[in-house]
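Structure first, then comments.
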Amino acid sequence: MDGSKKWVMPAFGVMGLLFATGTAVPASGSSDSTIADSQTHLHQYPRAGSQSGLDRNARMLAAHNAERHRLRLEPLKWSNRLEREAKEWARHLSRKGVLQHADLDMRNGTGENLWMGTAGHWPVETMVAKFLEEKQHYKHAHFPHNSKTGNWADVGHYTQIVWRETREVGCALATDLGSDILVCRYWPAGNVWGRKAY
């Protein structure tokens, strides 16, 4: 059973978030991981438009792994394959100016978090932090009963990031129509019905 949602958002909003849950069957293969896990914290963040790709990737990975480190979970590794898939979908969404999840069959069993905001105004750490803010609603219970609000969608970004079985992440940023769109893909997907995040 899949808990994914599809939302369409106009590009004129300041910020939007969207995530997709996984299925009980993960993707059959792994990807090439080339950026080592990182716990580095940067104190002065450049705006999204001024970040080089490699630096931006390392910073997004560090933002994901800081919370996993706090929970004593194995750090995620960067996947070039997931980054390429995320980039393709981010470009597609940015041309349309909407947030909408790729179909499950297009994602090959990966999880997906989406974010949209005004172009050039948000550092990648803030984009990932918006996913992580959902931990305030998280309760340690089986998905989909893991939100203090009673709505699993209120914690879905957070739980995908801290899902114990997830090992790899790849994200990409695309800009068009005045908005930055961030797509992050996770393998294996988290938010599996009937399981706990960690």
Quiz item: Considering only residues of the stretch 145-156 that are open to solvent by less than 10 Å² (accessible area, probe 1.4 Å) and under 17 Å from the mean Cα position of the chain (by Cα), which is nearest to Asn80 (Cα to Cα)?
Solution: Gly156
Quiz item: Mind checking whether some residue in the stretch 40-60 is closer than 21 Å to Tyr198 by Cβ and modelled with pLDDT of 95 or more?
Solution: yes
Self-check item: Number of the condition not met by His142 [criteria: (1) open to solvent by less than 20 Å² (accessible area, probe 1.4 Å); (2) in a loop (DSSP other than H, G, I, E, B)]
Solution: (1)
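Out of the stretch 71-89, which residues are of a type in the set (Lys, Arg), outside any helix (DSSP H, G or I) and either closer than 10 Å to Arg185 by Cα or without any contact (Cβ under 8 Å) to a residue 40 or more places away in the chain (or both)? Walk me through how you get there before you give the answer.
Just the residues of the stretch 71-89 that are of a type in the set (Lys, Arg), to begin with: 72, 77, 81, 84, 87.
So of that shortlist, the ones also outside any helix (DSSP H, G or I) come out as 72, 77.
Arg72, the sole residue that qualifies.
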Exercise. Those residues that are touching a Ser or Thr at 6+ places or on another chain (Cβ under 6 Å), surrounded by fewer than 21 Cβ atoms within 10 Å (Cβ to Cβ) and either touching a residue at least 40 places away in the same chain (Cβ under 8 Å) or farther than 19 Å from Val162 by Cβ (or both), I need them from the stretch 90-139; list them, please.
Key: Ala119
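Take the residues in the stretch 157-179 that are out of contact with any Leu (no Cβ under 8 Å at 6 or more places or on another chain) and more than 26 Å from Ala141 (Cβ to Cβ), then tell me which one is surrounded by the fewest Cβ atoms within 10 Å (Cβ to Cβ).
First, pick out the residues of the stretch 157-179 that are out of contact with any Leu (no Cβ under 8 Å at 6 or more places or on another chain): 159-160, 163, 165, 175-179.
Filter again for more than 26 Å from Ala141 (Cβ to Cβ), leaving 175-179.
Values: Thr175: 15, Asp176: 16, Leu177: 14, Gly178: 12, Ser179: 26.
For the stretch 157-179, the residue satisfying everything is Gly178.
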Quiz item: Is there any pair with a first residue in the stretch 169-198 that is within 12 Å of Trp89 (Cβ to Cβ) and a second that is in a strand (DSSP E or B) and open to solvent by 20 Å² or more (accessible area, probe 1.4 Å) whose Cβ atoms are under 6 Å apart and which are 6 or more apart or on different chains, and what are they?
Solution: Leu182/Leu173
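The values are calculated or read from the model by the stated rules, or taken from the named source; none is laboratory data. Note that the structure is predicted; figures quoted are calculated from it, not measured. Cβ: placed from backbone, ideal geometry, glycine included. Neighbour counts: every protein chain shown. SASA here: full protein model, heavy atoms, side chains in, ligands and nucleic acids out. Shrake-Rupley method; radii C 1.70, N 1.55, O 1.52, S 1.80 Å.
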